[in-house]
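Take a look at this one; I'll ask things after.
The values are calculated or read from the model by the stated rules, or taken from the named source; none is laboratory data. Computed from a prediction, not measured in an experiment: that's the story for all the values here. Every residue, glycine among them, receives a Cβ derived from its backbone with ideal geometry; neighbour counts consider all protein chains shown. Surface areas here come from the heavy atoms of the whole protein model, side chains and all, with no ligands, DNA or RNA. Shrake-Rupley method; radii C 1.70, N 1.55, O 1.52, S 1.80 Å.
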Amino acid sequence: MMQLNNTHTYDLMVVGAGMAGMAAALFAARKGLSVAQAGLTGETLYASGLFDLYGVIHGSSGEFIDNPWQGLQGLRQTHPDHPLCKVAPEQIREGLETLTGFLKTAGLTYKGYADRNARLITPVGTVKRTFRVPATMWAGAAALEEKTPCLIVDIQGLRGFSAAQIVGSLKPSWPQLRGATIAVPWEERLGPKYAEHIARNLAAEGPRKELADVIRPHLKTAQAVGLPAILGIYDTDTIHKELERLLGVPVFEIPTMPPAISGTRLKEAFDAYMPQQGVKTFYHHRVHTAVRQESSRFVLEIGRSEPEKTLVANNLLLATGRFLGKGLEARREGIRESLFDLPVSQPENRSCWHRKTFLDPQGHAINLAGLEVDRSFRPLNEAGRPVFDNLYAAGSILAHQDWIRTKSGTGLAVATAYGAIEALTGGQAERKNG
Ligand SMILES: Cc1cc2nc3c(=O)[nH]c(=O)nc-3n(C[C@H](O)[C@H](O)[C@H](O)COP(=O)(O)OP(=O)(O)OC[C@H]3O[C@@H](n4cnc5c(N)ncnc54)[C@H](O)[C@@H]3O)c2cc1C
């Protein structure tokens, strides 16, 4: 029998350390709850650093959205069961502002328009709609919009980023776009180079000056310079401003293929700053078992490879992601939720998971599978009632959304985390008042 007498009881246990878990832990801590959080932050490394809200119409074959708020209004009409429709637009704004405000204090400034998506260059030379953009990438949105004479620079030996490919794709609509390849001056070692290695070097003033010196001869008529995302890990805003000063033109980063420096920046910011928000973090820990006791408290066994600690919480928020995050598991007999074995809304059988063509513009039914939740983001049982009144879920584990196709990853994570924490704190207040 587990001994729990001296175990501290948290108001909330957040399971998951992806974007949804981070947002939920942040919002809950700001509301004054005592919060514990477990999960692997390593997966944030795959993020591009761009915060999408809603960029492609759900259920369409790829129709872009310029105004995400209008897009969401349309979504309410066509797909009211989509999780983004369970949160009011002003709450989504508030959630995104809280998250970007937090990241600013951690040294990562975000920019964007109030009511429209920005258009940004991707590492393969396509254009992507997104809502919030790291300040180090922001000048790229203006350069693309105004078709400013622009130089894209790539680095000899740095894989996964080709100026020639970007210029080749965009030149027909952007005649004054040019590319150049440079060698990073302080790196004499032959062989492949890594963005992280270059970024860490740029923490020092000398290499920043040397980088500007090798770019300058290629500038010619360029009025803006695009680089792969390499401008440091911790003090990117300062490094970015200094490079602009040294070159005398706006400089912008372009996200590289994952795992990317922009993801490393987010991971490092969350790792360092979430504890300062009062969140008790157990990063690199998994929740091995979670049981809801008769007292309605959750008792969790957490640890790296095996259980090391017991935690107790009055509420639990599941932000365990999909197949990559391991919140959902695909089995021969169907898809299951991995921690509580909650019911998963899913296609009738495996043969309905995918359409015939992998790149079918309509997407695949399996991507809409996930947890059904009520308006308070509580997972539902087969009878359509909350499984537990104090269990919540947020992020990509939710059903009826396809965040990859609709370009809504961070928006979905933040909006649903905000909705869940509002419901939890509102519900608690209601219970207290009677
Ligand atoms: C390659 C890639 C590129 C992306 N690019 C963008 C982009 O350009 N713009 C954008 O807005 N979004 C982007 N995203 C999406 C975004 O970063 C999030 O992945 C997405 O919003 C889903 O977040 P999530 O928190 O729901 O799930 P996940 O990110 O999958 O996180 C799940 C978390 O749950 C944890 N977990 C699972 N089971 C347990 C357990 N038993 N115990 C403890 N922890 C557990 C995992 O360790 C992980 O921390 C990208 C994602 C990927 C993978």
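Return P(r) of the range 128-271 (all Cα-Cα pairs; 10 Å bins starting at 0; whole %; ordered from short to long distances).
P(r) for the range 128-271, in whole percents per bin: 11, 45, 36, 7, 0.
Heavy atoms only, probe 1.4 Å: what % of the accessible area of the chain goes to carbon and sulfur, would you let me know? Present the calculation step by step, with values, prior to reporting the outcome.
Numbers: 9720 of 19270 Å².
Ligands and nucleic acids excluded, carbon and sulfur reach 50 percent.
Taking the Cα of Glu329, stepping 7 Å toward and past its beta carbon, and measuring to each backbone N in the range 369-400: which are under 19 Å?
369-372, 397-398
Take the alpha-carbon centre of the range 288-322, take the same for the range 86-146, and report the distance between them in whole Å.
Using only Cα atoms to place each centre, the spacing works out to 34 Å.
Quick one: if you take sqrt(5λ) for each eigenvalue of the C-alpha gyration tensor of the chain, what semi-axes come out, biggest first, whole angstrom?
40, 25, 19
Working from the pairwise distances between different alpha carbons, so that the mean of 1/r is found and then inverted, what is the range 1-110's Kirkwood radius in Å?
16.6
Taking the Cα atoms only, what angle lies between the long axis of helix 68-78 and the longest principal axis of the chain, rounded to 10 degrees?
Once rounded, the angle reads 40 degrees.
In addition: For the ranges 108-121, 223-236, what's the packing order if you count other beta-carbon atoms within 10 Å of each residue, average per peptide, and put the highest first?
Descending mean neighbour count gives 223-236, 108-121.
Return a whole-number percent for the relative contact order of the chain, with Cα pairs under 8 Å and 6 or more residues apart as the contact set.
23
Give me the Debye-computed log₁₀ of I(q)/I(0) at q = 0.18 Å⁻¹ for the range 189-256, equal point scatterers on Cα only, no solvent, two decimals.
-0.65
For the range 64-184, what is the percent of antiparallel DSSP beta bridges, rounded to the nearest 5?
If I count the DSSP bridges inside the range 64-184, around 50 percent turn out antiparallel.
Another question about this same structure. Apply the Karplus curve 6.51 cos²θ - 1.76 cosθ + 1.60, θ = phi - 60°, to the phi angles in the range 115-132 and return the couplings in whole Hz, x for Gly and Pro.
Ordered by residue, 3J(HN,Hα) equals 10, 8, 6, 8, 10, 10, 7, 9, x, 9, x, 8, 10, 10, 8, 8, 9, 10 Hz.
In the chain, what percentage of the DSSP-assigned beta bridges are antiparallel, given to the nearest 5?
45
What is the range 50-148 by shape, rounded, prolate or oblate, if you read a ≥ b ≥ c off the alpha carbon gyration tensor as root eigenvalues and call it rounded for a/c under 1.5, prolate for a/b larger than b/c, and oblate otherwise?
oblate
Where only protein heavy atoms count, and the probe is 1.4 Å, what is the accessible area per residue for the chain in Å²?
So the chain comes to 44 Å² accessible per residue, rounded to a whole number.
May I pose another question? Give the relative contact order (percent, whole number) for the range 124-254; include only Cα pairs under 8 Å separated by 6+ residues.
Rounded, it is 32 percent for the range 124-254.
Divide by every residue of the chain the summed helix terms, -39500 (n - 2.57) for each DSSP H run of at least 4, and state the resulting mean residue ellipticity at 222 nm, rounded to the nearest 500 deg cm²/dmol.
Calculated at 222 nm, the ellipticity per residue is -10000 deg cm²/dmol.
Could you let me know the centre-to-centre spacing of the range 261-287 and the range 151-230, using Cα atoms, in angstrom?
The distance from the Cα centre of the range 261-287 to that of the range 151-230 comes to 30 Å.
Expressed as a fraction of 2.2 N^0.38 Å, the rule-of-thumb size for a compact globular protein of N residues, what is the C-alpha radius of gyration of the range 211-309?
1.74
Here is a follow-up. Kindly rank 64-75, 303-314 from highest to lowest mean number of other beta carbons found within 10 Å of each residue.
By packing density, highest mean first, the sequence is 64-75, 303-314.
Once the piece of chain linking Glu306 and His218 is laid out straight, how much longer is it, given 0.36 nm per residue of separation minus the C-alpha distance between them? Can you show the working numbers first?
On the way: separation 88, 0.36 × 88 = 31.68 nm, distance 5.45 nm.
Between Glu306 and His218, full extension yields an extra 26.2 nm.
Taking the Cα centroid of the range 32-64 and of the range 354-424, what is the distance between the two, rounded to the nearest whole Å?
12
With a/c under 1.5 counting as rounded, go ahead and sort the range 94-198 into rounded, prolate or oblate using the C-alpha gyration tensor (a ≥ b ≥ c being the square roots of the eigenvalues; past the cut-off, prolate if a/b is larger than b/c, else oblate).
The shape class here is oblate.
Additional query: Given axes a ≥ b ≥ c from the Cα gyration tensor, I'd like to know whether the range 267-418 is rounded (a/c under 1.5), prolate (a/b larger than b/c) or oblate.
Prolate, since a/c reaches 1.5 and a/b exceeds b/c.
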